[in-house]
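Below is one structure, written out as structure tokens; comments come after it.
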Ligand SMILES: Nc1ncnc2c1ncn2[C@@H]1O[C@H](COP(=O)(O)OP(=O)(O)O)[C@@H](O)[C@H]1O
Ligand SMILES: [Mg+2]
């Protein structure tokens, strides 16, 4: 346990953060020097890479994320395989950054979510909620020789929370302001927003998933063009929004559901795309992509109107995640948000691609510093708690 004590006592740590989201596009790996913890923390990003997943991997993960197409033997193997791919990503990142793996103090690994069931169901007399991130942190610790924190979400769920979103703690520490009310919007497979009213304390932070990010568009692009995504939003830009279709999309119950709320592929995956195409499959594909991209932007804005504007609104919106590269979505957000300044996360001093990976480096650092990092006002958990499991090499 000497190892653990040394780790706890360090004032400054070299930490790697690993994130692979619901888009299943690849592993985002960031390395940062982190000094101190909590609101006094200072973080310096050293390097960031994305390691794409191998061909066919995304389909295998998606198949194993849904009831009806999943296979328990696949899931058991994926739990190890993903950790092996993460370990390769750690080695590549260290090479790229010119850092020796033995100098890295800690890894924070989100894992690959394959199922997220925040709503409790009654089973054998117990209310049971669940979330499952695979890519076992213990396997990762053994393969890299680096202490690894993983499974950040389960502790919050155990206390009645959604286990999500977890990024708001990071947003609060790094981006709160006494002068401006800010929101940070991450557009991954799913979109989620953090609200930091000016002068906020942790109890004032709000954050929740707003609905789809790129997930539906990605799936349509695969089906129609055998492409992984709509590069730069070019297809959407060539299309015209279909009024009846957007009205139908906006009947989606998640969008208007009051927070706390979180969602995933269970809601916006293949079955959603199938029912969309059954109804509107006859339209021009560019028009379908434009309308579904508009759905992403308008669902963000609707959530803002319903749940954040009423609390005082924002002066600035900073966008991160792969969706920040989609010009159609950004332009549409700018239109909807009118007088609010809409910019990429770079404008607030963090790489929009690296942000989530950095967040999990920071959350790992918070755990070994003994700081609770869930926000009960955000997740709905009964109290603040330490989040994550520490696995030693
Ligand atoms: N150049 C780009 N143009 C348009 N969309 C992009 C671009 N790069 C990435 N994306 C979108 O972002 C997604 C990945 O975003 P990411 O933030 O990694 O999400 P996740 O956390 O779900 O993995 C891709 O699947 C794609 O839809
Ligand atoms: Mg990704």
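The values are calculated or read from the model by the stated rules, or taken from the named source; none is laboratory data. Just so we're clear, the structure is a prediction, and the values are computed from it rather than from any experiment. Every residue, glycine as well, gets a Cβ built from its backbone with ideal geometry; the counts of neighbours run over all protein chains shown.
Given the structure, is residue 236 over 21 Å from the mean Cα position of the chain (by Cα) and either closer than 26 Å to residue 25 by Cβ or without any contact (Cβ under 8 Å) to a residue 24 or more places away in the chain (or both)? Considered against the rule, which asks whether it is over 21 Å from the mean Cα position of the chain (by Cα) and either closer than 26 Å to residue 25 by Cβ or without any contact (Cβ under 8 Å) to a residue 24 or more places away in the chain (or both), residue 236 comes out as yes. All conditions but one from (1) within 16 Å of ligand 2 (Cβ to nearest atom); (2) under 24 Å from residue 48 (Cβ atoms); (3) assigned to a helix (DSSP H, G or I) apply to residue 330; the one that does not is (1). Taking residue 341 as the residue in question, decide whether it is at pLDDT 95 or above, over 24 Å from residue 30 (Cβ atoms), within 18 Å of the chain's Cα centre (by Cα) and surrounded by fewer than 24 Cβ atoms within 10 Å (Cβ to Cβ). Answer is no for this residue. Scanning region 208-223 finds no residues that are modelled with pLDDT of 95 or more, surrounded by fewer than 17 Cβ atoms within 10 Å (Cβ to Cβ), farther than 27 Å from residue 153 by Cα and touching a helix residue (DSSP H, G or I) at 6+ places or on another chain (Cβ under 7 Å). Can you find even one residue in region 39-48 that is touching a helix residue (DSSP H, G or I) at 6+ places or on another chain (Cβ under 8 Å), over 20 Å from residue 392 (Cα atoms) and within 15 Å of ligand 1 (Cβ to nearest atom)? Within region 39-48 (the criterion being touching a helix residue (DSSP H, G or I) at 6+ places or on another chain (Cβ under 8 Å), over 20 Å from residue 392 (Cα atoms) and within 15 Å of ligand 1 (Cβ to nearest atom)), the answer is yes, since at least one residue qualifies. Can we say residue 135 is under 22 Å from residue 215 (Cβ atoms), in the same structural domain as residue 13 (by TED's automatic domain parsing) and modelled with pLDDT under 95? So residue 135 fails the test.
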